[in-house]
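To start, the structure under review is shown below, and the notes come after it.
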Amino acid sequence: MSAYQRLDMRQGQSLVMTPQLQQAIKLLQLSNIELAEFVAEEIERNPLLERGESADSSEFEGDVDKAKGRDELSLDGSEGMGNARDAVDASDSDMYEAGTGSDEARTANSQSGPSASTDWSSVSSGRGVSDDFDFEGSLSSEKSLHEHLHDQLAMAGLSQADSLIGARLIDETDDAGFCKVDLNEVASALGADPANVAAVLDVCQGFDPTGVMARDLTECLALQLKERDRLDPAMQAFLDNLHLVAKHDIKALSEICGVDKDDVMDMLAELRTLSPRPASGFATEATIAVAPDVFVREMPNGMFAVELNSETLPRVLMDKAYYAEVSALPMRDQEKEFISECAANATWLIKSLDQRARTILKVASEIVRQQDAFFAHGVAHLRPLNLKQVADAIEMHESTVSRVTSNKYMATPRGLFELKYFFSAAIPSTGGGEAHSAEAVRYRIKQLIDEEGDKVLSDDKIVEILTEFGIEIARRTVAKYRESLGIPSSVQRRRLLKASA
């Protein structure tokens, strides 16, 4: 056997991701906050890049920018600002008629962004970083109350519709742990039944810490006493008259509660062991801006307009005049290479930001088209939707849609939602009709059980009723959905009904 060296030429195919492609993918999955940080770093690193002016002054300064020889990011990818306004008018907004879900309903919107009269705002203000920033202290942070509640909500086994309601109630909870919100307003905003919102709040009030998400001090103390099994009628009457407790009117409290003075003093002592601020054990949550990436507005004609939030789109300029001036100077090869690389990176960044904005608008518009019934009628009308359906409709890959729907938010008349919330599994329909959303089926099962009254419905009976509505579902699926909603079996419900009779 001889050993020697030789050169062979082989032909093959391989997928290679260029640094530019990797950057485009990275930009697509960034939130608007992370994108702003990334752009700021690029501007600091690249001498040919600079931040553009605000959208309010862009129209006035468009001619100035062109005179300086600058390229500015616009939603149509055009150079300069002379026709950027018109381009946005044609591509920055789509409208869909409520309840149609058809491509024919799509028309161009005449507005270039959120109107001055539209009352949209960020959920909270941003977090500042001081000069004496403690790096070591930032390595581990104490979980906030809202994070703690959202973690418990994810483990509560609620349907997607009820989880959305619960998330809204948690967001309405203040730093002290109180949920001082009108349930009817929440129900109206989400298109849900007020009784269902109250039921979800009742589940959330069972979360840790005890007493959290109470609507007032009396309910907060009652929840804590209930956990201790100390909420008897006398104690409830005591809590209902906290104004007398503040006055220390022992005689009046004794008469109202039907107990003697010693018992009232014991109640006072027990009251002092309770916490009037159930969230006092949690650090005050630092506010984090959650600005919507997309606006959905209902038009007077019943259609929905989909618009990008121009406030979250970084405006990046490449100074061509400065580039031409520097390029004309005598430079070494290394310096020429550096300037050429900066110019290429600046051009690619502008194109990548443009493509990101276009993709977000495409995905959001298709979601609104598919889920227009939700926007028109509420959570009970969520349709089954998956990434492939949206990807096929807009002719993109599923992975692209997945990146777009992560950490992107849509501000709608029904509240602020992450794009991924609109995706749910499908339940087939009898007779080959349109499939039903799994979350809508869960919602209907809960409605049937809530309205059963004295006639307790078995899982088989629920299957029969749902079949009459055109929903093809197995009994074990009904049982699974019922258990995920925290609803006991028909046998247990009958026992509870007899015990309460």
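Any read-out appearing in this document is the output of simple, stated calculations on the displayed coordinates, not a laboratory observation. As the structure is a prediction and not an experimental result, all values here were calculated from the model. Reconstructed Cβ throughout: ideal geometry from the backbone, glycine too, with neighbour counts over all protein chains shown.
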Mind checking segment 311-385 for trypsin sites (Lys or Arg not before Pro) that DSSP puts in a loop (not H, G, I, E or B) and that have at most 15 other Cβ atoms within 10 Å?
-> Arg332
Lys320-Ser484 FRET efficiency (beta carbon distance; Förster radius 51 Å; 0.05 resolution) | 0.30
What residues qualify as long-range amide H neighbours of Met303, i.e. H under 5 Å apart, gap of 5 or more or another chain, H built at 1.01 Å from N?
-> Ala98
Taking K and R as +1 and D and E as -1, what net charge do the other residues with C-beta under 13 Å from the C-beta of Phe374 add up to?
-> 0
Using alpha carbon centroids, what distance separates segment 359-389 and segment 157-176, in Å?
-> 21 Å
Quick one: length gained pulling Asp202 to Met331 fully straight, 0.36 nm per residue minus the C-alpha distance?
-> 39.3 nm
Two pseudo-spin positions, 7 Å from Cα along C-beta at Leu217 and at Lys351, lie apart in nanometres by 6.5 nm
For segment 177-302: relative contact order, % (alpha-carbon pairs under 8 angstrom, 6 or more apart) | 21 percent
In terms of modelled amide H atoms, which long-range or inter-chain residues lie less than 5 Å from the amide H of Val316?
-> Gly52, Leu73
How do the peptides 24-32, 445-453 rank, highest first, by the average count of neighbouring beta carbon atoms within 10 Å per residue?
-> 24-32, 445-453
For segment 463-469, 3J(HN,Hα) per residue [Karplus equation, 6.51 cos²θ - 1.76 cosθ + 1.60, θ = phi - 60°, Hz, x = Gly/Pro] = 4, 4, 5, 5, 4, 5, 7
